[in-house]
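Student: Starting off with a structure, shown below.
Derivation of every value follows stated rules applied to the coordinates shown; laboratory data play no part. Owing to the predicted nature of the structure, the values given are computational and were not obtained by experimental measurement. Counting neighbours? That spans all protein chains shown, and the Cβs are built from the backbone with ideal geometry, glycine included.
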Amino acid sequence: MITINENLIKKPTPAQKQAALEAMIQQRLDTFARSVNFDNLASACLTGLQPVGTYRQAEGAAFIKLRYETWQKAAEIRDAFRAGGPEPTWAEVEAQLPVYPITP
């Protein structure tokens with residue numbers, strides 16, 4: 001039987017946890033965009049900046065709103081944790097984030 005000294009296993013720092021969570025949120029947004037044939041969230045948002053009425057502009061505008069509302073909620077969750085709240089799991093974070101489709 002092998003014994004593992006738990007003190008030798010480095011736990012992620014708060015900054016590493018935050019970076020991992022931000023990467024998961026970005027991946028979620030990119031996945032939403034890919035699900036409707038954009039390359040990623042950035043390309044969807046760029047489409048939303050085109051003149052109103054042009055090809056897929058309204059859809060892109062919805063992604064701009066989704067991006068804004070997602071990162072706003074993520075900041076609220078982070079701030080609640082920094083203020084002494086419990087550390088949320090990914091499932092708890094994801095349950096609070098807006099979902100696609102979203103109306104522009």
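Student: Order these by the 10 Å Cβ neighbour count, fewest first: Phe32, Phe81, Phe63, Phe38.
Tutor: Going from least to most buried by this count: Phe81, Phe38, Phe32, Phe63.
Student: Multiplying the sequence separation of Val99 and Arg82 by 0.36 nm and subtracting their Cα-Cα distance, what value in nm do you get?
Tutor: In short, 3.6 nm is gained.
Student: 7 Å from Cα along Cα→Cβ at both Val52 and Lys73: what's the point-to-point distance in nm?
Tutor: Output for this residue pair reads 2.7 nm.
Student: Where in segment 1-44 are there trypsin sites (Lys or Arg not before Pro) that are in a DSSP coil and have at most 14 other Cβ atoms within 10 angstrom of their Cβ?
Tutor: Lys10
Student: Report, to two decimal places, the Cα Rg of the chain normalised by 2.2 N^0.38 Å (N = number of residues).
Tutor: 1.39
Student: Which of Ala33, Ala62, Ala83 ends up with the largest GNM mean-square fluctuation for the chain, with Cα atoms connected below 10 Å?
Tutor: Residue with maximal mean-square fluctuation among Ala33, Ala62, Ala83: Ala83.
Student: Another question, then. Give me the extension gain from Ala19 to Asp39: residue separation times 0.36 nm, minus the current Cα-Cα distance, reported in nm with one decimal.
Tutor: Net length gain for the segment: 4.9 nm.
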